Each structure stands twice: as C-alpha cells, then as structure tokens.
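Visitor: Can you keep this structure in mind? I'll have questions shortly.
Values in this text are rule-based calculations from the coordinates and carry no lab data. Bear in mind the structure is a predicted one, so any value in this text is a computation, not a measurement. Every residue, glycine among them, receives a Cβ derived from its backbone with ideal geometry; neighbour counts consider all protein chains shown.
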2 protein chains.
Amino acid sequence: MNPALNYCSTCGAPVSQRVPPGDTLTRAICDTCGTIHYQNPKLVVGSLPEWEDKVLLCRRAIEPRCGFWTLPAGFMENHETLPEAAMRETVEEACAQVEIGEMYTLISVPHISQVHAIFRARLLSLEFSPGIETLEVALLAEHQIPWGEIAFRTIAMTLRHFFADRKTGRFGFHTADLRPEDRNRPSHP
Amino acid sequence: MNPALNYCSTCGAPVSQRVPPGDTLTRAICDTCGTIHYQNPKLVVGSLPEWEDKVLLCRRAIEPRCGFWTLPAGFMENHETLPEAAMRETVEEACAQVEIGEMYTLISVPHISQVHAIFRARLLSLEFSPGIETLEVALLAEHQIPWGEIAFRTIAMTLRHFFADRKTGRFGFHTADLRPEDRNRPSHP
C-alpha cells in the first residue's frame, strides 16, 4: 500500500485533492509549491526456477500471506531492468543463483494497482536457503505443490500454466487480468 | 521525474535517507512517524494501431520531445489493467477507438526507471484527431515513417519490430533492455 498523501514531499505543505488542468483524474496537488503528486501501479517481478522436474518455491515469513507458498518475487526497484529485478528477488528470497530466461506471465491486478511479471529461470545449483523474508525454500515436483497454500492467485496461475505447458513441451507467454470477482473461478480455465 | 522526497507525505515532517532494517537500499524514512517512502519504476503503456498497411502515430505537443512522433502511450494509472491503460492512452492522445490485441513489446529503460509496454491494436474507424497532448495524428505507411523524428527509442524499436515481423507474417512478443550506452547502436540489430 502507498503511504497517505496528506503533505507535499517536496516542501512539506498540505496538499489538496483536485484535477490538474488538462488532466482527467484527481491528484494530490501542493497548495504552496504546485507540485502534482502522481501515484502509479507497481511492478512485482520474480522467477520460476526449474531444477530437473521440480520448481523452487518459498514459504513467506512476512505478511501478507505469511506461511503461504510463493515464487521468489517482489517490488521492482528504480534503476533496474525486469530481468535484473527477477534475479535480485530470487537471491534475496531464496539465496538461489538462477539464469533468467524468457518472460513467462504478465498479469494485471488492478484492484491493488499492481502488475506481476514472472520469468522462467534455470536454477544453477542446489545451494539455496531462506532469505530474511522466507521461512523455507523447497524444490517441489508437480504432485507436491501445495495448491491450497499458494500465497497469491498470480502465482497459482503461473504455476498452472507452467505444468500445463510442460506437458505440451511449448512454453508460451501468458498475459491476464485478475480482478477480485475472479477469485472463485479457476485461475486457469 | 518523481518530485523531491524531502518531507513525509503522511505527517509532513522531514525525512532522512537511510537503509531500513532488513532492507539493502537507502529509502526516505520519516523521522517522526516512521513511514518508509519507497519509489519504484513506472509503467508507460500504449498501442500500435493498425489500419490496412498503415500505423497511427502522434506528434507530441508536450515535453519531453515536443514536436517528435510517437505511438499513443503514457503512464499507467492506478486501478487499471495494462490493456485498459493502452486503450485509454489511445483515446486521450489520438481520440481514436481501437481494439487492443496482444502485448507486443515490453522494454525496460532502467536509467529513467521506466518499463514501456506496447500492445498491437486494430484501429476501428478513421475518426481520430489530436488530443490535448498531441499536435497531429497521422496514418503512415512504412516508407512514410519519420525515423529521424521518433520521440523515444522504445517506440522506434517497436516500429522496427513491427515492420520486420509484418514481412514474415509472424508477430512475436519482444522484450529488451535499453540503456543510455545503447543510444548510438541500431535499436533493432
């Protein structure tokens, strides 16, 4: 979540909520220095590391969804590329070295103003361990995936695409939009 | 560019630049209320509208690159999906109705902390006109593209992919990372 936008980060004066000239949406505008404060969606970037017939998953040590399983992923930082973000998150969350491959899923999650991007990746060694935000790292075969304990729908959707594509031998690039009302539908029809 | 981050947007007190516990990067942290202010890359999303053998381009009425040609694109807004952002920008910049197709290019531009995403699109009618940030909208065939007057390298790269792919009849999904040092290299090797 973004912090509250009550004051101007440039000069410290209070802001008003109004539509700037030529714009169509309400923004936080500084009444003193005139700075317009835009808020925009964030990219969450990660990897799907493969080792033989297994994939690497992390059990989260932090909220949201503490204790649930996910792929190594997190907020993209300024001044990095998408593959760099995927590799950094894999190191941070799983202390794992990977070779980042093709972008695999790109999913808009508009109700939380996020876009989730997951790359396929090749795990380079069996040396991995939980990072500070992770309780446990595991290599799991398809039949071992804890489907009821996956932290996020974008991650479940990515894993479902992966195991379906692997059966056909053809890995596409998958895009989707996930809305709250999709919650009770199967994430991969 | 992001506004300066001197004050806390939540409580108005000054912020310090330091590394939060468990983090690895310097962030603006409020000395009074403790809020951590993260800054993350922004998504620029747009479309490549096709009509017969032509594509729709816009000549920019605003900086940066005022007077140069681009595809209709702009900053993704909170609470929208990638295709919704592409369609909205096409309406805003070219007053054009399109059917948004597949995502076509996704390019990281790390030195300006942006990711540019362009969708293929089908122009639905010849009713288009300049929006408030546009000087001129034109349908141009390949030989009419003003290559020396394209506003951004990501847009030139997208157009080069498009005309190359069209010759083969196979439109892939293209990803790339564009850095400042790539500036003098051809954008499509």
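Visitor: Which FRET efficiency value, to the nearest 0.05, is calculated for A:Lys167 and A:Trp147 with the Förster distance at 22 angstrom and r the Cβ-Cβ distance? Present the calculation step by step, with values, prior to reporting the outcome.
Guide: Working: r = 17 Å, r/R0 = 0.75.
Efficiency for this residue pair is about 0.85.
Visitor: Distance in nm between label sites at B:Cys95 and A:Asp53, each 7 Å beyond Cα in the beta-carbon direction?
Guide: That separation, rounded to one decimal, is 6.2 nm.
Visitor: When each copy gets a label point 7 Å from Cα toward the beta-carbon at B:Glu136, what are the spacings between them in nm, shortest first?
Guide: 6.5
Visitor: Taking a label point 7 Å out from Cα toward Cβ, give me the nm distances from A:Gln39 to the same spot in the other copies, shortest first, one decimal.
Guide: 1.8
Visitor: For the stretch A:42-184, what is the per residue volume of the convex hull drawn over the alpha-carbon atoms, in cubic angstrom? Let's see the in-between values first.
Guide: Values: hull volume 15.3 nm³, N = 143.
Spread over its residues, the Cα hull of the stretch A:42-184 gives 107 Å³ apiece.
Visitor: Moving to a separate point now. Take the alpha-carbon centre of the stretch B:113-140, take the same for the stretch A:1-59, and report the distance between them in whole Å.
Guide: Comparing the Cα centres of the stretch B:113-140 and the stretch A:1-59, I get a distance of 25 Å.
Visitor: If the elastic network links every pair of Cα atoms under 10 Å, which of A:Thr154, A:Thr168, A:Thr134 fluctuates the most in the Gaussian network model of chain A?
Guide: A:Thr168
Visitor: Once you keep just the Cα pairs under 8 angstrom separated by 6 or more residues, what percentage relative contact order results for the stretch A:56-123?
Guide: Values: 93 pairs, mean separation 15.2, N = 68.
Answer for the stretch A:56-123 is 22 percent.
Visitor: Show that you can apply the helix-only estimate: for chain B, add -39,500 (n - 2.57) for every DSSP H stretch of four or more residues, divide by all residues, and state [θ] at 222 nm to the nearest 500. Walk me through the numbers before you get to the answer.
Guide: Working: 2 runs with 29 residues, N = 189.
Calculated at 222 nm, the ellipticity per residue is -5000 deg cm²/dmol.
Visitor: Relative contact order for chain B: what percent, with Cα pairs under 8 Å and sequence separation of 6 or more? Before the final figure, lay out each step's value.
Guide: Details: 368 pairs, mean separation 37.7, N = 189.
Once normalised by length, the contact order is 20 percent.
Visitor: How many nm separate the modelled label positions at A:Leu126 and B:Gln39, each set 7 Å beyond the Cα in the direction of the Cβ?
Guide: 4.5 nm
Visitor: Hand me the GluC sites (Glu not before Pro) from the stretch A:74-137 located in a DSSP loop with no more than 11 other Cβ atoms within 10 Å, in residue order please. Numbers along the way, then the final one.
Guide: On the way: sites: A:Glu77, A:Glu80, A:Glu84, A:Glu89, A:Glu92, A:Glu93, A:Glu99, A:Glu102, A:Glu127, A:Glu133, A:Glu136; in loops: A:Glu77, A:Glu80, A:Glu127, A:Glu133.
Sparse-neighbourhood loop GluC sites (Glu not before Pro): A:Glu127.
Visitor: Helix A:153-168 versus the longest principal axis of chain A: what angle, 0 to 90°, nearest 10, using Cα atoms?
Guide: Taking Cα atoms only, the helix is inclined about 40 degrees.
Visitor: Can you give the angle from 0 to 90° between the axis of helix B:82-94 and the longest principal axis of chain B, with both taken from C-alpha atoms, to the nearest 10?
Guide: Computed tilt is about 70 degrees.
Visitor: For A:Lys54, list the lysines whose Cα falls under 20 Å from its own Cα; do not include residues on the same chain fewer than 8 positions away.
Guide: A:Lys167
Visitor: What translational diffusion coefficient, in µm²/s and rounded to a whole number, does the Stokes-Einstein relation yield for the protein assembly as shown at 25 °C and a viscosity of 0.890 mPa s, taking the hydrodynamic radius as the Kirkwood radius over Cα pairs? Spell out each step's value before the answer.
Guide: On the way: Rh = 22.2 Å.
Approximately 111 µm²/s, per Stokes-Einstein.
Visitor: Follow-up question, since we're still on this one. Let's test the formula: R0 of 45 Å, r as the Cβ-Cβ distance of B:Glu102 and A:Leu5. What FRET efficiency results, to the nearest 0.05?
Guide: Using R0 = 45 Å, I get an efficiency of 0.80.
Visitor: Shortest first and in nm to one decimal, what separations exist between B:His111 and its copies in the other chains, measuring from label points 7 Å along the Cα-to-beta-carbon line?
Guide: Listed shortest first, these distances are 4.1 nm.
Visitor: Among B:Thr158, B:Thr10, rank each residue by its count of other Cβ atoms within 10 Å, from fewest to most, as a rough exposure measure. Mind dumping the intermediate values first?
Guide: Details: B:Thr158 29, B:Thr10 19.
Going from least to most buried by this count: B:Thr10, B:Thr158.
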